[in-house]
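Shown next, in structure tokens, is the structure this report addresses.
The values are calculated or read from the model by the stated rules, or taken from the named source; none is laboratory data. Everything quoted here is computed from the prediction, not taken from an experiment. Positions of Cβ are backbone-derived with ideal geometry, glycine not excepted, and every protein chain shown enters the neighbour counts. Keep in mind that these areas ignore ligands, DNA and RNA; they rest on the heavy atoms of the full protein, side chains included. Shrake-Rupley method; radii C 1.70, N 1.55, O 1.52, S 1.80 Å.
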Amino acid sequence: MSRRHSTKYKIDRRVGENIWGRPKSPVNKRPTKPGQHGQGRRAKVSDYGMQLMAKQKLKFHYGDITEKQFRKTFDEANRMKGNTAENLIGLLESRLDAFVYRSKFVPTIFAARQFVNHGHVKVNGVKTNIGSVRLKPGDVVEIREKSRNLALVLEALGSPERDVPEYIEVDPKAMTATFIRVPELNDVPYPVKMEPAQVVEFYSS
């Protein structure tokens, strides 16, 4: 698994935005790039630079996805019928780790990946420990009974920081969540503006 946990606080500053909407994000107080030259004036960004940043911002938002995994997801979206940008968002939001995060079972996308890897969830009654598993509409994810009293889960469910999006139906008492439908870009509660169309341009150039 990618070891991005120790550097995730630099990611917001690198892209200049609070991409997870965290109250403690360093970019809230220090909106400069990390490193000794971070205080310098930002140079004018080229079209390629904007496309690259859009790709990095979207990829970073989903935590520990590697470049190879992200490109593979894009290629799959590109092969599907319809709008490639919308397909990409739908595929990313269909990942089990992203779903666990959106359902507010954990506080961060990084915690979601670890939570799934440690075997704390079931999909349609079957224990699943692979974060990249793709969910389909109608699938039900539940927290395993022995994991329901974990402080991580209880604090996340009780947190007012995020709302559960409309394409997910959560039963907090049963600690289950149902994937209602594959979302479109406008359905996803990104804290910052995501531009998947720029990602398409990046990989198509």
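Name every residue in segment 158-202 that is assigned to a helix (DSSP H, G or I), open to solvent by 50 Å² or more (accessible area, probe 1.4 Å) and either within 12 Å of residue 99 (Cβ to Cβ) or in contact (Cβ under 8 Å) with a residue 40 or more places away in the chain (or both), in order of residue number.
Result: 197, 201.
Answer yes if at least one residue in segment 127-138 is more than 18 Å from residue 109 (Cβ to Cβ), of a type outside the set (Gly, Ala, Ser) and surrounded by 15 or more Cβ atoms within 10 Å (Cβ to Cβ), and no otherwise.
There is no residue in segment 127-138 that is more than 18 Å from residue 109 (Cβ to Cβ), of a type outside the set (Gly, Ala, Ser) and surrounded by 15 or more Cβ atoms within 10 Å (Cβ to Cβ).
Of a type outside the set (Lys, Arg) and loosely packed, with under 12 Cβ neighbours inside 10 Å: is that true of residue 64 in this structure? Steps first, please.
Numbers: of a type outside the set (Lys, Arg): yes; loosely packed, with under 12 Cβ neighbours inside 10 Å: no.
No.
Residue 115 passes all but one of (1) touching a residue at least 12 places away in the same chain (Cβ under 8 Å); (2) outside any helix (DSSP H, G or I); which number fails?
Going through the list (1) touching a residue at least 12 places away in the same chain (Cβ under 8 Å); (2) outside any helix (DSSP H, G or I), residue 115 breaks only (2).
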